[in-house]
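**Q** Could you have a look at this structure, given as structure tokens, before my questions?
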């Protein structure tokens, strides 16, 4: 309803002079990200821990592949999740139902069984597919396309995401790594439950945006069946490619790329109106560069996490240890949880997101274009991997606490560079997608944006499977650095063409 969106866009009673609905969505996403990053920080470490120590005893390659399948599927499910919101539930109900399914998934993983472990992963995938694209679409609908507060609003929203991502590893990684893995998974579920309660109580701030589509009951029922079939189809394709016959598993990335290409061609030829093709074309161009960014960035939960556990000094300063209760002193005697490094990125984001938000507002119409910001983001995420390649070459040289271990500041520097890249690309990608997407297809276009993250996560899992030691580490992180840096240079060359499409 255009009138409702216009009225909402004039609202300045929320955080920092933004619409008050941003407050509700800020805390909803904060708790959802608490649950996601709390579990994500544990996932690879839990799978690679020996059975005798409470883990699953998987190899590094198998754990990395499962991690990539899980994180990739989370975002892949955004396509049917966005479609269901547009055609069945509306964005508001999709967020509510998705959060409930996510919470059930975390509680399933809290029960110590291999069956509940996999069932929990599937539930989280399905629930996040409903919630993730639609909560971002709701943020976009708070603003008109011309509202200069849009990028700043998404930066504030992104700060909420990372507040949850900062707290989550401190709580869940400590409980999981130092007490019991399943207690950490359960804590993630409690966080999502808090988010659901907050969202339900604060829905009045959203006004009329995100209501269910005005369709006949028979059409809604038919669309619901189609949406469920789309979700089942996505799950079936992923299961076949990763756990099916050998020829499919060997060529899975080629098959996924082909399916993505078929989807994009179908969308342009059969689903878009002529006037919608140029702006959506820009979204598709940025889509491919987003894939490269996330393939590098999402090493954080897999290869970077394993590097933190095995090759990074995790000892606390002696003076700090003496200040802790005796029970905690015993638990951190062998080092603090490796998952705590996952909070570093979020610390930088919390500190820098307001700076970037202020900076973009200060520059106004003089700020770099969205593609230019994308290019900067790609460059910095590549530089982060360069730094870790150098750290890998330094192993055994005496840097850090001892032979074969480097100091903690290497990873801190990596996450600082990644944070700068993320702030230049991720919130800008969300903002650009909601600005250019046709109003009737907002949910679907957000699904396309998250599809790029999905494909990036699939590639990240494949790359992290090469994790090892010595030369293998250097080769891994060199490859992770080369692709985004090369992509950044290519995107700079394409900026004039992209600007023509957006006029």
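**Q** Kindly indicate whether residue 242 is part of a helix (DSSP H, G or I) and under 20 Å from residue 124 (Cα atoms).
**A** Working: part of a helix (DSSP H, G or I): yes; under 20 Å from residue 124 (Cα atoms): yes.
Yes, satisfied.
**Q** Another question about this same structure. Scan the range 31-88 residue by residue and report those that are outside any helix (DSSP H, G or I) and over 15 Å from the mean Cα position of the chain (by Cα). Don't jump to the end; show me each part of the working.
**A** Quick first cut of the range 31-88, residues outside any helix (DSSP H, G or I) only: 49-50, 54-59, 77.
The answer is 49, 50, 54, 55, 56, 57, 58, 59.
**Q** Which residue out of 94, 173, 113 is modelled with pLDDT of 85 or more and within 30 Å of residue 224 (Cα to Cα)? Spell out the reasoning first.
**A** Working: 173 fails: within 30 Å of residue 224 (Cα to Cα); 113 fails: within 30 Å of residue 224 (Cα to Cα).
Checking each option against the conditions leaves just 94.
**Q** Need pairs with beta-carbon distance below 7 Å; first residue touching a residue at least 12 places away in the same chain (Cβ under 8 Å) and within the range 341-355, second outside any helix (DSSP H, G or I); sequence gap 6+ or separate chains.
**A** Listed pairs, sorted by first residue: 342/300; 345/300.
**Q** To continue, here is another question. Which of the residues that make up the range 156-181 are out of contact with any helix residue (DSSP H, G or I) (no Cβ under 7 Å at 6 or more places or on another chain) and either part of a helix (DSSP H, G or I) or crowded, with 24+ Cβ neighbours inside 10 Å (or both)?
**A** Hits for the range 156-181 are 174, 179.
**Q** Continuing with this model, one more query. Of the residues 336, 359, only one is more than 30 Å from residue 156 (Cβ to Cβ), under 30 Å from the mean Cα position of the chain (by Cα) and at pLDDT below 90; which? So that I can check it myself, show each step before the final result.
**A** Details: 359 fails: more than 30 Å from residue 156 (Cβ to Cβ).
Answer to the check: 336.
**Q** Also: Quick one: count up the residues across the range 203-220 that are in a helix (DSSP H, G or I) and surrounded by 12 or more Cβ atoms within 10 Å (Cβ to Cβ).
**A** Looking only at the range 203-220, we keep the residues that are in a helix (DSSP H, G or I), and these are 203-206, 217-220.
Still in the list and also surrounded by 12 or more Cβ atoms within 10 Å (Cβ to Cβ): 203, 205-206, 219-220.
Counting residues in the range 203-220 that are in a helix (DSSP H, G or I) and surrounded by 12 or more Cβ atoms within 10 Å (Cβ to Cβ) gives 5.
**Q** Might you check whether a residue that is outside any helix (DSSP H, G or I), at negative phi, surrounded by 14 or more Cβ atoms within 10 Å (Cβ to Cβ) and over 22 Å from the mean Cα position of the chain (by Cα) occurs anywhere in the range 248-263? Step through it out loud before you land on a result.
**A** Taking the range 248-263 and keeping what is outside any helix (DSSP H, G or I), we get 251.
From what's left, at negative phi: 251.
Applying the additional criterion that residues be surrounded by 14 or more Cβ atoms within 10 Å (Cβ to Cβ) yields none.
No, the range 248-263 contains no residue that is outside any helix (DSSP H, G or I), at negative phi, surrounded by 14 or more Cβ atoms within 10 Å (Cβ to Cβ) and over 22 Å from the mean Cα position of the chain (by Cα).
**Q** A further question on this structure: Being under 19 Å from residue 11 (Cβ atoms), in contact (Cβ under 8 Å) with a residue 60 or more places away in the chain and either touching a helix residue (DSSP H, G or I) at 6+ places or on another chain (Cβ under 6 Å) or assigned to a helix (DSSP H, G or I) (or both) narrows it down to one residue among 189, 153; which is it?
**A** Working: 189 fails: under 19 Å from residue 11 (Cβ atoms).
After ruling out the rest, the residue left standing is 153.
**Q** Of all residues in the range 260-281, which are within 24 Å of residue 460 (Cα to Cα) and in contact with a helix residue (DSSP H, G or I) (Cβ under 7 Å, 6 or more places away or on another chain)?
**A** Just the residues of the range 260-281 that are within 24 Å of residue 460 (Cα to Cα), to begin with: 260-264.
Passing the criteria: 260, 264.
**Q** What's the total number of residues in the range 293-315 that are over 22 Å from residue 62 (Cα atoms) and under 16 Å from the mean Cα position of the chain (by Cα)? Write out each step before concluding.
**A** Pass one, the range 293-315, residues over 22 Å from residue 62 (Cα atoms): 293, 312-315.
Among the residues that remain, those that are also under 16 Å from the mean Cα position of the chain (by Cα) are: 293.
Residues that pass the stated criteria total 1.
**Q** Inside the range 94-126, can you point out the residues that are outside any helix (DSSP H, G or I) and in contact (Cβ under 8 Å) with a residue 24 or more places away in the chain? Show your work before the answer.
**A** At the first step, the residues of the range 94-126 found to be outside any helix (DSSP H, G or I) are 110-113.
The answer is 110, 111, 112.
The values are calculated or read from the model by the stated rules, or taken from the named source; none is laboratory data. Computed from a predicted model, the values in this text were never measured in an experiment. Please note: Cβ atoms are built from the backbone with ideal geometry, for glycine as well, and neighbour counts cover all protein chains shown.
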